[in-house]
Amino acid sequence: MTQVNQMSVNKVPGDSHTQHAAVINRAVTCDEIFNVQRLSCESGVITVQSALYGRADRETCSEGKPAQQLSNINCYQLGTLDVFKRRCDGKRQCEVNTTTVRKSDPCFGIFKYLDTTYACHPAQSISSVACEDSYANLHCDRGQVIFVSSANYGRRDRTTCSTGQPASQVETVTCSLPVNKVAQSCDGKSSCSVKVRGSLFGDPCFGTYKYLEVTYTCQNPVFTPKD
């Protein structure tokens, strides 16, 4: 079972990076054979601050355990932070099996747990505009994938995509329709092209020359453990 809450923390014993006076998320998962720890950000991407596999107190994951299995509170597995940062940094969500960090036993006979703290940081947004009857081309660097934040089809000013168009086709500027087909086509891909046309998105303002505005971020792909 994983418990997730928010706390103000400087660092956790074991492998850690210091986070001064910041409100960050904390996930605790008891070391049962099939348990998975899940980190997630509703907005932004994960930056792991600290990660402990072992035991740092006698209270965490103590229910039903004999006292001798809780006695060593200076127990931690080296390298746990590196595992989590490699798996989770830059992603919106991440899952890690306890078996992934259980490479050796740092304190034989002690019941252990995963204790991870992480922050959610905004990912850098990229804006793209494509005129009607052209293509919107979204692209991320190698190793990252697209996550569409917003996509709107219509017209919100008289200057964007106005070259060569008669004044009557660019005068309506209160015409904008949120569309989800861009996210459906592009999320999770490293690059994507979408044809900008009313037959795909619908026509929010007949007779107006429109364009597609897309805001997206490039993030590390979500890792789902198989073991």
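Listed here are the pairs Lys65/Lys85; Lys85/Lys112; Lys65/Lys91; which of them are more than 23 Å apart at the Cα?
Lys65/Lys85; Lys65/Lys91
Take peptides 161-167, 28-34 and line them up by average Cβ neighbours within 10 Å, highest first, as a rough protection proxy.
Per-residue mean Cβ counts within 10 Å order the peptides as 28-34, 161-167.
Kindly provide the helix-only [θ] at 222 nm of the chain, computed as the sum of -39,500 (n - 2.57) over DSSP H runs of four or more divided by all residues, to the nearest 500 deg cm²/dmol?
-2000 deg cm²/dmol
How far is the Cα center of the range 151-202 from the Cα center of the range 38-106, in Å?
Comparing the Cα centres of the range 151-202 and the range 38-106, I get a distance of 45 Å.
Go through 70-79, 53-62 and give me the packing order, highest mean Cβ count within 10 Å leading.
53-62, 70-79
Quick one: of the DSSP bridges fully inside the chain, what percent are antiparallel, nearest 5?
For the chain, the DSSP antiparallel bridge percentage is about 100.
With a ≥ b ≥ c the root eigenvalues of the C-alpha gyration tensor of the range 98-227, is it rounded (a/c under 1.5), prolate (a/b larger than b/c) or oblate?
Cα axes put the range 98-227 in the prolate bin.
Asn74 label point, 7 Å along Cα→Cβ, cut-off 15 Å on backbone N: hits in the range 49-64?
55-58
Among [x] 0.96; [y] 1.18; [z] 1.28, which is the computed Rg/Rh (Cα atoms, Kirkwood Rh)?
Given [x] 0.96; [y] 1.18; [z] 1.28, the structure-derived one carries the label [y].
Place +1 on the Cβ of every Lys and Arg and -1 on the Cβ of every Asp and Glu in the chain, take the dipole about the Cα centre, and give the residue among Thr208, Thr100, Val170 whose Cα lies farthest towards its positive end.
Thr100
Where a number appears in this text, it was derived from the coordinates with a stated rule and is not lab data. Computed from a predicted structure; not experimentally measured. Every residue, glycine among them, receives a Cβ derived from its backbone with ideal geometry; neighbour counts consider all protein chains shown.
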